[in-house]
Structure formats: structure tokens, C-alpha cells
Amino acid sequence: MTSRTCLTLVLAAGEGTRMKSALPKVLHRTAGRTLVGHAISAAREAGAERLAVVVGPSREDVAAEAAEHAPEAQVFIQAERKGTAHAVLAARAALERPSDDILILFGDTPLIRAETLKRMRAALSDGATVAVLGFEPADPTGYGRLIVKDGELAAIREEKDASADEKKIGFCNAGLMAISGAHALELLDGVTNDNASREFYLTDIVGLAREAALKTVALMAEESEVQGVNTRAQLAAVEAAFQKRLREHAMREGATLIAPETVFFAVDTVLGRDVLIEPNVFFGPGVTVEDGATIRAYCHVEGAHIGRDVTIGPFSRLRPGASLGDHTRIGNFVEIKNAVLDRDVKVNHLAYVGDASVGADANIGAGAITCNYDGVRKQRTEIGAGAFIGVNSALVAPVSVGAGAYIATGSVITDDVPANALGVARSRQTVKEGWAEERRKNNPKPPK
């Protein structure tokens, strides 16, 4: 099967009006990735050499998202919505190029696994012309039924056309299909719109294949894996299913989640072994956590790299571009953005480090900040190894603090501080004896 070529069509033309959103349905996100992005990623993992995405008219945003995940993908427009077979045939130019296997996925079915797609391809390799994915819902009402006889798929019967006995069948159509490339166009061109809806249904190719004495089969998938998204409630259900999957994977691979149901991952979160995650932690896209790190409660992490044996939080935020060296300590109410911190750096509380480089063993005191934005552009701060930044200091970028230098508490540093120097930028303290007593005498409190 690995030597067989594969074309995958992702149908992403639906508008999803029930989402009540200006955003196209397939651009809504779950586990940090768009719905259509999930479908494309599964196809690529399943071995698709070529990808085609069918979008609706004026949907350059969907086409651009597809290109983010698969720059080589061809994009086709379904100018009119005339059914699923019509949507597939919008990609005729891709179908006309030789392929052994053709997979048809939907842009609003994000939970599909690459392993399932590989099983569908294997069915074609074993001699099937059409392989249809099915599932057994708790309540089959409303779904098309898959009628299997003698180990083959005999028909797909829509519920409105099903007999009383057929309605008792619990095996239902999930919509996803694999088709032999040698017969795909012939079958698709044979589909007619001779039905009440006047639409061209992809499911009709099963009957056409049977009439041509071609083998058709049905494969089983879990109900959650083929969950489509048409409403916000379904989007939330898919998110819950993804998070369950991702939490189980994290723990299986050696991470400890103290309260798994309160931790939220992106689909690309990478955790090393012996990572400890406390309750109520959120991971956005693009996070890697190395072995032995501890993420304390109520942290938000996105687009960051966390080194070995790092401790973060509680109540800390790592924004995109944050990179923490081994053994670094980030305490409560600290924000790091687009900054590289070398090993053994300490930023223990109430600080902001943005657009900066911090050398090994440096210490950033409470309330210290890098002033990285001048109102027009972002500027960088360089802090050398072993530097000590005192409490409530402000480093006004662009500025550098040399290795081993000290910044006095409460300073506003606007000029570079050399290595091993002391930087002080504050007025000297003045004490006026009796000043407070004199003020109260001249400004008595009004009577109550």
C-alpha cells in the first residue's frame, strides 16, 4: 500500500450558517488549529502525495489557510452548491491525473485519524473500488444507513427512503470515502440529480459500482472521530474530544497532569518526560516543553520553548518567541514575550521581559520591565550573564546591561551599562524633618 499514489480531496465549501459567524465554518479552530487544517494534516500523515481543496466562491481566506498547511495543494472553486458529488467534480483536473487511491474528506470533520485513512486506503489495496467509512451512533435517527451483505457494502440508504427493517440498522454513513483512482471519474460522472433535492450525491457511486460488479466495502470508525461541525455546540464537543485525546497522549508519554480535565493543549504541543503540569494551564499553538519542567497552576503558554527542569508560575504568561534555557525560574505574575533567556535565569515575580536577550544566571527583580515599544517600533534589550536587575527598574530599549552589572532598585536605565558596573538612575532621597506635622496643621481635616 505504501507504493500506491494517493490524491486527497478536502471538501471545504460549506458556509456553516448555523455557526452564526462572519468566519467560514472550516476556519473555526479547535485544539489551536482550524477545522480544515486538521483534515489536511490527517491526509498528509496518511500518505497523500497530492492534495486538492474545494472551496466556495470568494473564499480566498479558506484557500490561504489550506496553503498554510499544504503549500502544494491545488484549490478548486465550487461555484454552485449542487451536492457532494458535484463538489468532488469541481476538482476534475486533479482527478484526471493518475492516482491509485482517492480519499474524500470534509473540512468540517477535524477528528479523523491518519490511521483510519490508512485503513481506507488498505481496503482499496485489497481490491475494493469504493470504501465508505461508517459508525454506530447512540441514536441513528437522521443518518443514512450502511447496508452490508456478505461482507460487502450493498447500499447506502437515506433514512427517508429506508424500510422499517433498514431503519433498525445502527451502522450509519459518516460521509468519508476512498475510491479507486482507476474508476473514480467513471463513477462520479455516472451520478445524476434525479432526486427530490435535484442534487448530485456522492453516496450514489456505491450503487453505480455495484451495478458494474465492482467491490464496495464499509469500515467502522468511532462516532467521535467522524463528528462534523455545524454549530457552536458541536465545535465545543469536538474540542472536548480533542482535549481528551491529547491529555491521554500526554500522560501515556510520561507527563504528569494533576487535574487533567483542567489542562488544555494545542494539537502540536510537545511535552518531554517527567513534565509536571498543575491545574488550569492553557497551551496555545507552538509550544515545546523539555524533560523535567514544571508548569504551575493558571499559566498561559503560546509559541514558546521551555528548557529542561524549568519552573513556571503560578499565574505566568509566555507569549510567542519566548525561549527559556535549562533550569530557568519564572515566578508568579511574570510575562515573557519574544525573549531568549539563557540557563539558570531567575525572574521570580511581577516582571515583564519582552524583545530581549538575557544571559545565564541573570536575576530580574520584582516589578522590573523592559520598555520595548517606543510608540512606533519594538526595540531590544540585552542583559548580560550574571547581571542583577533591581526591583522596580525600567530598561528603556534599545539598551544593554553588561555581564555582571548591577542595576539599582527603582532605576530607569536609558544608556548602556558596562560589564560589572552599577547603573543608578534616580534622584537622591531627601528627608524634611517635621514636614508632615506642619502640613496637617495647615490643612486640618473637615469636621465629620
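The values are calculated or read from the model by the stated rules, or taken from the named source; none is laboratory data. Just so it is clear, the structure is predicted and the values come from calculations on it, not from any experiment. Cβ atoms come from the backbone with ideal geometry, glycine included; neighbour counts cover every protein chain shown.
In this entry, Arg273 is excluded by the filter for residues that are among the basic types (Lys, Arg), part of a helix (DSSP H, G or I) and in contact (Cβ under 8 Å) with a residue 12 or more places away in the chain. Do we have any residue at all in the stretch 259-269 that's assigned to a strand (DSSP E or B) and surrounded by 21 or more Cβ atoms within 10 Å (Cβ to Cβ)? Looking for residues that are assigned to a strand (DSSP E or B) and surrounded by 21 or more Cβ atoms within 10 Å (Cβ to Cβ), one finds none in the stretch 259-269, hence no. Criterion applied to Ala436, Ala419 was being out of contact with any Cys (no Cβ under 7 Å at 6 or more places or on another chain), loosely packed, with under 15 Cβ neighbours inside 10 Å, outside the structural domain of Val358 (by TED's automatic domain parsing) and not in a strand (DSSP E or B), and the one residue passing it is Ala436.
Return yes when Thr116 is surrounded by 24 or more Cβ atoms within 10 Å (Cβ to Cβ), assigned by TED's automatic domain parsing to the domain that holds Arg50 and not aliphatic (A, V, I, L, M) and no when it is not. No. With the condition kept exactly as written, say whether any residue in the stretch 397-415 is without any contact (Cβ under 8 Å) to a residue 40 or more places away in the chain, in a strand (DSSP E or B) and under 27 Å from Asp309 (Cα atoms). The answer is yes, given that some residue of the stretch 397-415 is without any contact (Cβ under 8 Å) to a residue 40 or more places away in the chain, in a strand (DSSP E or B) and under 27 Å from Asp309 (Cα atoms).
Kindly indicate whether any position in the stretch 53-66 is closer than 23 Å to Leu95 by Cβ, touching a residue at least 40 places away in the same chain (Cβ under 8 Å) and touching a Lys or Arg at 6+ places or on another chain (Cβ under 8 Å). Within the stretch 53-66 (the criterion being closer than 23 Å to Leu95 by Cβ, touching a residue at least 40 places away in the same chain (Cβ under 8 Å) and touching a Lys or Arg at 6+ places or on another chain (Cβ under 8 Å)), the answer is yes, since at least one residue qualifies.
Per the listing Ala164, Ala178, the residue uniquely buried (at least 18 other Cβ atoms within 10 Å of the Cβ) and among the hydrophobic types (A, V, I, L, M, F, W, C) is Ala178. Per the listing Ala73, Ala48, the residue uniquely crowded, with 18+ Cβ neighbours inside 10 Å, in contact with a helix residue (DSSP H, G or I) (Cβ under 7 Å, 6 or more places away or on another chain) and at pLDDT below 95 is Ala73. I'd like to know if the stretch 259-273 contains one or more residues that are of a type outside the set (Val, Ile, Thr), in contact with a Ser or Thr (Cβ under 7 Å, 6 or more places away or on another chain) and at pLDDT 95 or above. Among the residues of the stretch 259-273, not one is of a type outside the set (Val, Ile, Thr), in contact with a Ser or Thr (Cβ under 7 Å, 6 or more places away or on another chain) and at pLDDT 95 or above, which makes the answer no. You will find that of Gly170, Gly254, the residue that is assigned to a loop (DSSP other than H, G, I, E, B), on the phi > 0 side of the Ramachandran plot and free of Cβ contacts under 8 Å to residues at least 60 places away in the same chain is Gly254 and no other.
Answer yes or no as to whether Ala196 is part of a loop (DSSP other than H, G, I, E, B) and more than 25 Å from Arg119 (Cα to Cα). So Ala196 passes the test. Is it the case, given these coordinates, that Ala212 is farther than 17 Å from Ile102 by Cα and assigned by TED's automatic domain parsing to the domain that holds Ala31? Criteria met by Ala212.
Please verify whether Ala85 is at pLDDT below 95, farther than 19 Å from Asn230 by Cα, buried (at least 16 other Cβ atoms within 10 Å of the Cβ) and hydrophobic (A, V, I, L, M, F, W, C), treating the condition exactly as stated. Against the criterion (at pLDDT below 95, farther than 19 Å from Asn230 by Cα, buried (at least 16 other Cβ atoms within 10 Å of the Cβ) and hydrophobic (A, V, I, L, M, F, W, C)), Ala85 qualifies. So which of Ile336, Ile312, Ile306 is aliphatic (A, V, I, L, M) and more than 21 Å from Thr262 (Cβ to Cβ)? The match here is Ile336. Restricting attention to the stretch 119-149 and to residues that are touching a residue at least 60 places away in the same chain (Cβ under 8 Å) and of a type in the set (Val, Ile, Thr), the residue that is surrounded by the fewest Cβ atoms within 10 Å (Cβ to Cβ) turns out to be Val148. Scanning the stretch 120-152 for residues that are assigned to a strand (DSSP E or B) and touching a Gly at 6+ places or on another chain (Cβ under 7 Å) yields a single hit, Leu146.
Considering the stretch 326-385, the residues that are aliphatic (A, V, I, L, M) and in a loop (DSSP other than H, G, I, E, B) include one that is surrounded by the fewest Cβ atoms within 10 Å (Cβ to Cβ), namely Val376.
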